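To start, the structure under review is shown below, and the notes come after it.
The values are calculated or read from the model by the stated rules, or taken from the named source; none is laboratory data. Computed from a prediction, not measured in an experiment: that's the story for all the values here. Note that we place each Cβ from the backbone using ideal geometry, even for glycine, and neighbour counts take in every protein chain shown. Heads up: the accessible areas ignore ligands, DNA and RNA and are worked out on the full protein's heavy atoms, side chains in. Shrake-Rupley method; radii C 1.70, N 1.55, O 1.52, S 1.80 Å.
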Amino acid sequence: EDKQPTQNAAKPNPGPGVPQQIYLEESKARLETALAADAGFVERLVWFWSNHFCISADKGGVRPLCGAYEREAIRPHVTGKFSDMLLAVESHPAMLLYLDNARSIGPNSFAGLRRDKGLNENLAREILELHTLGVRTGYSQDDVTSFAKVITGWSIVPPRQSPDRGGEFTFNPRMHEPGTHRVIGNDYEDRGFEQGRAVLLTLAKNPSTANHIALKLASHFVADDPPRSLVASLAARFLDTKGDLKEVSKTLITAPEAWDANPTKLRRPSDWVVSSLRVCGVKPPDVRPILQAQNLLGEPLWRVPAPNGFSDNSAAWMDGLAQRLDIANQISRRVGDTLDPADIAQNTFGALLSGETKEALSRAESRSQALALLLMSPEFQRR
């Protein structure tokens, strides 16, 4: 007689699905790139721009695209032209899915007249408010609506329609709102995809965009309330070079104001975690504990809570300091007593190492305890 399996029999764990597998593989590649980076500043720029033009893996369909988005739309342009990055970002399938533009249909388009579906303004609004001009910079709700009409048809090839090109960007003229549209005082003729590109190029050259980007860069790299003179210098360089981000970045790192400020800015969790691993020479074989650490500290990778990204304000991260101590202890226990914390401290900070931190390290009961103290020191927590 055949025995029937019981309903409660344990089923084998199938493991993560394909989207999560891709997410984990891309996360590991990103971590390894950061750990091996010769020029840490360039990698920091990638992270800055990825947060500025953020997407979220928690939005349907976006999870397997997060790594490709950063690699294709952000990384190639961090020392290139802002206008090129802007176009690459706004036309990437990950952004079109995240901010719902893939399904945005012009009311008077061929598709709009046949269906009871219509315009979605999310992408247009965030481009103006977050990605370029900034809030309260002279545009109106009418401008948002007009811009949203301009970028109707910026969509994605349905996978069922084309197995080879499914998921790629496409301009769909059947979804595009026809006609000339006025956005912030300028009229843009209907030239299909080029109509949207023209608006983005205009936004990239706007002085408000230069000011917005300059303030965000200075706030991220220097201080929560950066010197006005530094912001003005960055904005002027942005405009003078037509958005050459390499030149803007050079202005940032050569400006006296960038170095005169006291290191009072609290590092974001991802920055602190990777810096801790770098100085300890730890290269985790499995990325999942690192992702769990970032989750615990409130900055889950590629999973922003809102389109404005993770905060660059120190106050937003103060509550997680106790959890950082737990992680610092885990890292220091992993390397045990194989490293000399005094050497690491000297090689990392040199003359910037305070007497208080030196004394704390010398009083530690073990090398691993001293290393944890170093990772939690003011010098290591702030920049």
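Looking at the stretch 336-358, which of the residues that are of a type in the set (A, V, I, L, M, F, W, C) and assigned to a helix (DSSP H, G or I) is nearest to CYS280 (Cα to Cα)? Among those that are of a type in the set (A, V, I, L, M, F, W, C) and assigned to a helix (DSSP H, G or I), it is ILE344. Counting only strands (runs of 3 or more DSSP E) wholly contained in the stretch 149-192, the ones carrying 2 or more residues that are touching a residue at least 24 places away in the same chain (Cβ under 8 Å) occupy 154-156, 181-183.
Put simply, of TYR98, TYR69 the only residue that is open to solvent by 10 Å² or more (accessible area, probe 1.4 Å) and among the hydroxyl-bearing types (Ser, Thr, Tyr) is TYR98. If you go through the stretch 28-55 and keep only what is over 13 Å from the mean Cα position of the chain (by Cα) and either surrounded by 20 or more Cβ atoms within 10 Å (Cβ to Cβ) or small (Gly, Ala, Ser) (or both), you end up with ALA29, LEU31, ALA34, ALA36, ALA37, ALA39, GLY40. Criterion first (open to solvent by 60 Å² or more (accessible area, probe 1.4 Å), closer than 30 Å to ASP240 by Cα and modelled with pLDDT of 95 or more) does ARG125 satisfy it? For ARG125, the condition - open to solvent by 60 Å² or more (accessible area, probe 1.4 Å), closer than 30 Å to ASP240 by Cα and modelled with pLDDT of 95 or more - is met. Within the stretch 136-167, restricting attention to residues that are β-branched (Val, Ile, Thr) and in contact with a strand residue (DSSP E or B) (Cβ under 6 Å, 6 or more places away or on another chain), the residue that is nearest to THR180 (Cα to Cα) is VAL150.
Matching residues to (1) among the basic types (Lys, Arg); (2) farther than 19 Å from ASP224 by Cβ:
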residue	(1), (2)
ALA258	no, no
THR264	no, no
ASP271	no, no
SER275	no, yes
ARG288	yes, yes
GLN294	no, yes
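Of the helices (runs of 4 or more DSSP H) lying entirely inside the stretch 18-111, those carrying at least 1 residues that are touching a Leu at 6+ places or on another chain (Cβ under 9 Å) and either among the aromatic types (Phe, Trp, Tyr) or without any contact (Cβ under 8 Å) to a residue 24 or more places away in the chain (or both) are 18-36, 40-52, 82-90, 93-98. Restricting GLU257, GLU247 to residues that are modelled with pLDDT under 95 and either farther than 27 Å from LEU87 by Cβ or not hydroxyl-bearing (Ser, Thr, Tyr) (or both) narrows the list to GLU257.
Quick grid of which residues meet (1) outside any loop (DSSP other than H, G, I, E, B); (2) touching a residue at least 24 places away in the same chain (Cβ under 8 Å):
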residue: GLU299; (1), (2): no, yes
residue: ALA328; (1), (2): yes, yes
residue: ARG334; (1), (2): yes, yes
residue: ALA360; (1), (2): yes, no
residue: GLU365; (1), (2): no, no
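Checking the structure you have, find out if any residue of the stretch 292-307 is closer than 25 Å to ALA223 by Cα and of a type in the set (Lys, Arg). Yes, the stretch 292-307 contains a residue that is closer than 25 Å to ALA223 by Cα and of a type in the set (Lys, Arg).
This table checks each residue for (1) open to solvent by 70 Å² or more (accessible area, probe 1.4 Å); (2) farther than 20 Å from PHE380 by Cβ; (3) in contact with a helix residue (DSSP H, G or I) (Cβ under 9 Å, 6 or more places away or on another chain); (4) among the aliphatic types (A, V, I, L, M).
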residue	(1), (2), (3), (4)
VAL282	no, no, yes, yes
ASN308	yes, yes, yes, no
SER314	no, no, no, no
ILE327	no, no, yes, yes
ARG334	yes, no, yes, no
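Screening the candidates ARG182, ARG165, ARG115 for the property of being in contact with a helix residue (DSSP H, G or I) (Cβ under 7 Å, 6 or more places away or on another chain) and open to solvent by 70 Å² or more (accessible area, probe 1.4 Å) yields one hit, ARG182. For the stretch 263-280, the set of residues classified as assigned to a loop (DSSP other than H, G, I, E, B) and buried (at least 20 other Cβ atoms within 10 Å of the Cβ) consists of LYS265, ARG268, listed by residue number.
Yes/no matrix, rows are residues, columns are (1) open to solvent by less than 50 Å² (accessible area, probe 1.4 Å); (2) within 23 Å of the chain's Cα centre (by Cα):
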residue: ASP187; (1), (2): no, no
residue: HIS212; (1), (2): yes, yes
residue: HIS220; (1), (2): yes, yes
residue: PRO226; (1), (2): yes, yes
residue: PHE238; (1), (2): yes, yes
residue: ALA261; (1), (2): yes, no
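Within the stretch 349-368, can you find the residues that are polar (S, T, N, Q) and buried (at least 17 other Cβ atoms within 10 Å of the Cβ)? Answer for the stretch 349-368, where residues must be polar (S, T, N, Q) and buried (at least 17 other Cβ atoms within 10 Å of the Cβ): THR357, SER368.
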